[in-house]
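Student: Submitted below is the structure of interest, expressed as structure tokens.
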Amino acid sequence: MSELCNAHTHLELSDLGRVCPQSPTSFPAWMSRLIMSLRGRKPDDYRAAVALGINALRACGISHVHDITNSWVSVEPLLHSGLQGCVYFEVMGQKRERALARMKEAMRRIVELRRSHADAPMRVGLSLHSPWSCHPDLLGEGAAWCRENKVPLCIHVAESPAETELLLTGRVRELGWMKTQIGRSLRMLPKSGPGLRPVPYLEALGVLDARPLLVHAVQVDDQEIETLARTRCAVVHCPRSNALLSCGRMRLEAFLNAGIPVYLGTDSRVSSPDLDVRAEAAEAKKLHAGKVDAGRIDAMLAPPHQESW
Ligand SMILES: [Zn+2]
């Protein structure tokens, strides 16, 4: 395949393979461990990790990547890497004013880069981390801006059972444990849930109108798959990360039958053994054996094109 795409990763975490679970663990336990491992991290640590990640992609023969950067340091190296795809400025947070201010700064930089790098093979987009870690105004305003300005948008959604539980009830069973582990970082969690499952929540906020690239989409029912087909969103499937974080099996066959474009991504080295998307395809073939033809899974290694999904 001449064009090989890793449709979801976080290159800035490429040096943190030691955090990747060796065997399945729970999503909240993993998230707590990740947050603790990021304490005291400096921009130079992120820069070194991005360089490591870009080299790993090249070593696998990957030509396209969709990368999320929370530190924003991945943007410049990716723009000059020769790789194609999209790098997304990530924002998150439940503290409304603070999160919106950070998003405004991301928007300013995106506009500037789209002007100065109009012909670059690497596009620039916005990522709203997830429905559970973003204030509703961040989700609504961010998506509306992306739709109006034709900026690519990427969101992690419906990944773990804990996410659905948190949005429905405002609580997660493991929260007490998480609080003792991560303390002040809980500002990323909502004080109360909207009482909706992840996909209906994004739809209610108008987020799906921006046709985001949705990562994971494991915890979805048939009606929600219909919603994603109707709103013409695309999805990234990361089966190895889903398995290690006990998220469950994404019902790939239901997405494909609904005509939803699905792509393959490894996610970061924090929840994936490597960045090789062909290893992800091999895992997907095993996981969906008897339900999805191998040829359809190979087709998911092609790069996403926002105009066509
Ligand atoms: Zn991710």
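Student: Could you name the aspartates and glutamates whose alpha carbon sits less than 20 Å from that of residue 95, not counting residues in the same chain fewer than 8 places away?
Tutor: Candidates past the 8-residue exclusion: 105, 137, 141, 163.
Student: Along the positive direction of the dipole of the chain (beta-carbon charges: Lys, Arg +1; Asp, Glu -1; about the Cα centre), which of 161, 124, 146 reaches farthest?
Tutor: Of the candidates, 161 comes out farthest on the positive side.
Student: I want the antiparallel fraction of DSSP beta bridges within the chain, as a percent rounded to 5.
Tutor: So the antiparallel bridges amount to about 0 percent of the total.
Student: Suppose a student asked you for the relative contact order of the range 40-159, using Cα pairs under 8 Å spaced at least 6 residues apart; what percent would you report?
Tutor: Value for the range 40-159: 23 percent.
Student: Based solely on its DSSP helices, what 222 nm [θ] is calculated for the chain when runs of n ≥ 4 H residues each add -39,500 (n - 2.57) and the sum is averaged over all residues, nearest 500 deg cm²/dmol?
Tutor: Calculated from helices alone, the mean residue ellipticity at 222 nm is -12500 deg cm²/dmol.
Student: Next up: Taking Cα pairs under 8 Å and at least six residues apart, what relative contact order does the chain come out at, in percent?
Tutor: So the answer I get is 23 percent.
Student: Dipole of the chain, Cα-centred, from +1 at each Lys and Arg C-beta and -1 at each Asp and Glu C-beta, to the nearest 20 debye?
Tutor: Value, rounded to 20: 840 debye.
Student: Using a Gaussian network for the chain with springs between C-alpha atoms less than 10 Å apart, which of these wobbles most: 138, 228, 34?
Tutor: The residue with the greatest mean-square fluctuation here is 34.
Student: Between exposed trypsin sites (Lys or Arg not before Pro) in the chain, where DSSP calls loop and at most 14 other Cβ atoms lie within 10 Å, what's the longest gap?
Tutor: 40-94
Student: Mind listing the phi-derived Karplus ³J(HN,Hα) values for the range 56-70, rounded to whole Hz, using 6.51, -1.76 and 1.60 with θ = phi - 60°, and x for any glycine or proline?
Tutor: After applying 6.51 cos²θ - 1.76 cosθ + 1.60, I find 5, 4, 4, 4, 8, x, 7, 9, 10, 9, 10, 10, 9, 10, 7 Hz.
Bear in mind these aren't lab numbers, they're just calculated from the coordinates by the rules spelled out. Fair warning: this is a prediction, and the values are worked out from it, not measured in the lab. Heads up, the Cβs are rebuilt from the backbone with ideal geometry, glycines too, and the neighbour counts pull from every protein chain shown.
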